[in-house]
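Below is one structure, written out as structure tokens; comments come after it.
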Amino acid sequence: MSCPICSHPKRAEVEAAVKSGELTITKAAKLFGADYTTTWRHFKECLKEPIENREFEDNLMILREIICRLNDRVQDLEDLPTDLISVRMLTNLTKELRNGIKDLAELEGQFRASPLIQLNQITIQYEHLTSFLFTQLCPECKLKLSSHLTNLEAMR
């Protein structure tokens with residue numbers, strides 16, 4: 001089975017942007033016109049470059065810092081009054097945070113790919129459902145839903 005991204009005309013520049021940290025895999029997937037899983041698999045399987053151990057550790061540290069910054073931003077957004085814009089921002093930042101955590105865990109050998117694919121599918125369904133609910137509900141119901149989702153997250 002061939003990788004659809006390997007033959008993409010903008011492959012080299014998008015790969016360079018992801019490697020330099022200018023783009024996330026999620027944004028690269030949009031540029032490639034592919035889903036996150038296909039793009040992630042391309043970076044994992046098709047770009048197996050030998051990395052010096054020190055460089056690998058440096059990259060892990062950078063990824064950890066990015067995750068911490070994203071987490072801080074998510075926490076700041078949770079303190080803001082709930083409106084459609086803050087909900088969308090919070091949803092997008094949460095998605096990026098979740099993807100960063102999954103990438104870090106995989107790099108550290110804590111996750112394997114097959115459960116990750118199932119997790120991605122569940123995450124996509126969850127995002128579609130919450131997006132639908134937050135766009136279709138009245139303002140009062142949106143507040144109730146947001147409160148309930150926050151309580152669910154706190155119970156984890």
> When residues of the stretch 1-31 are filtered for being of a type in the set (A, V, I, L, M, F, W, C) and loosely packed, with under 13 Cβ neighbours inside 10 Å, how many remain?
Replying inline: 4
>> Give all pairs with beta carbons closer than 8 Å in which a residue from the stretch 134-155 that is polar (S, T, N, Q) meets a residue that is surrounded by 12 or more Cβ atoms within 10 Å (Cβ to Cβ); count only pairs at least 6 apart in sequence or on separate chains.
In response: Ser146/Thr82; Ser146/Val87; Ser146/Phe134; Thr150/Glu78
>> If I filter the stretch 130-156 down to residues being in a helix (DSSP H, G or I) and among the aliphatic types (A, V, I, L, M), which single residue comes out as farthest from Ile85 (Cα to Cα)?
In response: Met155
> Quick one: Ile67 ticks every box in (1) out of contact with any Gly (no Cβ under 6 Å at 6 or more places or on another chain); (2) in the same structural domain as Pro139 (by TED's automatic domain parsing); (3) not in a loop (DSSP other than H, G, I, E, B) bar one, so which box is it?
Replying inline: (1)
>> When the residues of the stretch 77-124 are narrowed to those that are buried (at least 17 other Cβ atoms within 10 Å of the Cβ) and of a type in the set (Asp, Glu), which ends up modelled with the highest pLDDT?
In response: Glu96
> Pick from Lys19, Lys44, Lys30: which is within 18 Å of Arg98 (Cβ to Cβ), at pLDDT below 85 and part of a helix (DSSP H, G or I)?
Replying inline: Lys44
> Tell me, which residue of the stretch 1-16 that is of a type outside the set (A, V, I, L, M, F, W, C) and assigned to a helix (DSSP H, G or I) is farthest from Asp58 (Cα to Cα)?
Replying inline: Arg11
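The values are calculated or read from the model by the stated rules, or taken from the named source; none is laboratory data. What you see is a predicted model, and the numbers here were worked out from it, not measured in a lab. Every residue, glycine as well, gets a Cβ built from its backbone with ideal geometry; the counts of neighbours run over all protein chains shown.
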